Every structure is written in C-alpha cells, then in structure tokens.
Amino acid sequence: MIVAPSDEVLAQLRAALAARDGRLARAHAAAPAISWRRRENGFPGLLWMIVGQQVSTASAAAIWGRVESGLGVVSPETVLARGIEGMRTLGLSLPKARYAVALAEAQASGAVDLDGLGRLTDAEASEVLLSLKGVGRWTAETYLMFCEGRMDVFPGGDIALQEAMRWADRLDRRPSQDEAYARAEAWGPHRSVAAHLLWAWYGAVRRGETLHPLRNTA
C-alpha cells in the first residue's frame, strides 16, 4: 500500500516545485497550506469515487452516507445482495447503480483485484481501473491519488485544475485536457503535489480568501 505524504513533506515538495517553475510559484505564494486528500482504498474507495461523479461535494457526501448506512459494510457482497434496484433506493442513479453492481461482480469474481493495485505501476493500475464500467480517466486518476497516495498522477480533465493552470500561466482561456497533461509534465515526478497545490489555490480564490489572480495583476 502506497502511503500519502505528510503535510510537512507536502510543504517541502510544493516549495521545490515553485522554485523550479516560476509560473507555478504564483499558486504557491497565494494558496493556503495543503493536506493530501485521503480516502479508503480498495472497493469502498472506488465505489465512493463513482458515487461522487458529476455531483456536488455535499450531494456526494449525502448519498455516500445513505450507502454506508444501507449496506452496513461496504463490500462487493453487500452491494450484490442489494442489486441494482436496491442500490437505487440508497440514492444512486440507474447508471451508477449498474456501475456499482458491475464493480462488485468484477471484484468478487477476481476479474480485478483492487487491493492489489499497489503492486502495479501507475500506468498498469490505471489500465485496470479503466477496464471497469463507469470508470473513466478522471475517476481512475483521482482514485490513484486519493485512495492510493500516488505522487505522480495528474487529472488533466479536471476543470478546477485547468482554471488554476490558466491563472498560473496567465492565459486567455483554460487549457484543453491534452494541453493540461502536457503542461503538467514539467512537474513530474510530483504531479499529484502540483494538483493539490492548484486545487488549494482554486478553492481559496473561489471562497474569497485570496485575490483573483487575473483581476488583480499589477
């Protein structure tokens, strides 16, 4: 199991990234302290990621609370016992209920081994995740970051990250997904740290805790 870095290590790594990249230094100067976004790994972690797709943080938390309460123990066995309609009664949409059951079937049958992903490289683990119904690139990448603590993953399709990258580079538009992936290459082998930094900056700006970088330039 890969262990996520401590806050102290994160502070050192973000400073080192900022020293290497003067444009990323804008985020470093304005963003608050960062902590790694940690979630349980394995089946519960990936199911949580699926539940949270394309809904607000508050809605995801509410639905996940119902899932945990309804299942008791979040496992392939309890999901399969509920079935698709049973998962829908816990707040999942029909597609997500189908994804949950498909994930449970894959894990229970041994078609995938989520608990063994830590033995695989980032690329290998991502390939396994992408083979599952309902798991796209963003979900695979954020799972590897949040649930496995992987240090060199960057979800280039994330809109908040793209917007923060636009601020850092002072662009007229957000970079595309492909452009975001290409830009993030400069931050390896700690692209996940850069992502946490950019998320922290984006959140602070949106909450009004720091000035908007493109509206307050000298």
* Determine the share of the chain's accessible area contributed by carbon and sulfur atoms, expressed in whole percent, with a 1.4 angstrom probe. => 51 percent
* Asked: Using alpha-carbon positions, what is the distance between the centroids of the range 63-93 and the range 107-137, in Å?
  -> 21 Å
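At a Förster radius of 25 Å, what calculated FRET efficiency corresponds to the Cβ-Cβ distance of R37 and L171, to the nearest 0.05? The partial results should precede the final answer.
Working: r = 26 Å, r/R0 = 1.03.
That pair, R37 with L171, gives E of 0.45.
How would the range 34-116 be classified by its alpha-carbon gyration tensor: rounded, prolate or oblate, with rounded meaning a/c under 1.5 and the a/b versus b/c comparison settling the rest?
On the way: a/c = 1.75, a/b = 1.11, b/c = 1.58.
It comes out oblate by the Cα gyration axes.
Pull out the extension gain between H212 and A186, defined as 0.36 nm times the separation in residues minus the alpha carbon to alpha carbon distance; nm, one decimal.
On the way: separation 26, 0.36 × 26 = 9.36 nm, distance 2.42 nm.
Here the answer is 6.9 nm.
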* Structure fact -> Shape call for the range 164-218, from the Cα gyration tensor axes a ≥ b ≥ c (a/c under 1.5 means rounded, otherwise prolate when a/b beats b/c, else oblate), comes out oblate
* **Structure-based [θ]222 nm, the chain - -39500 (n - 2.57) summed over DSSP H runs of at least 4, per residue, nearest 500** => -18500 deg cm²/dmol
* Can you give the accessible area of S131, probe radius 1.4 Å, in Å² rounded to 10? -> 80 Å²
* For the range 68-156, just say rounded, prolate or oblate: build the C-alpha gyration tensor, square-root its eigenvalues into a ≥ b ≥ c, call rounded for a/c under 1.5, and beyond that prolate if a/b exceeds b/c, oblate if not. => prolate
* **Ratio Rg/Rh, restricted to the range 1-40 and using Cα atoms, in which Rh is the Kirkwood radius** => 1.04
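Measuring with a 1.4 Å probe in the full set of protein chains, what accessible area per residue, in whole Å², belongs to the chain?
Working: 10470 Å² over 218 residues.
Ligands and nucleic acids excluded, the figure is 48 Å² per residue.
The values are calculated or read from the model by the stated rules, or taken from the named source; none is laboratory data. No experiment lies behind these values; they were computed from the predicted model shown. Virtual Cβ from ideal backbone geometry, glycine too; neighbours counted across all protein chains shown. Side chains included, ligands, DNA and RNA excluded: accessible areas come from the protein's heavy atoms. Shrake-Rupley method; radii C 1.70, N 1.55, O 1.52, S 1.80 Å.
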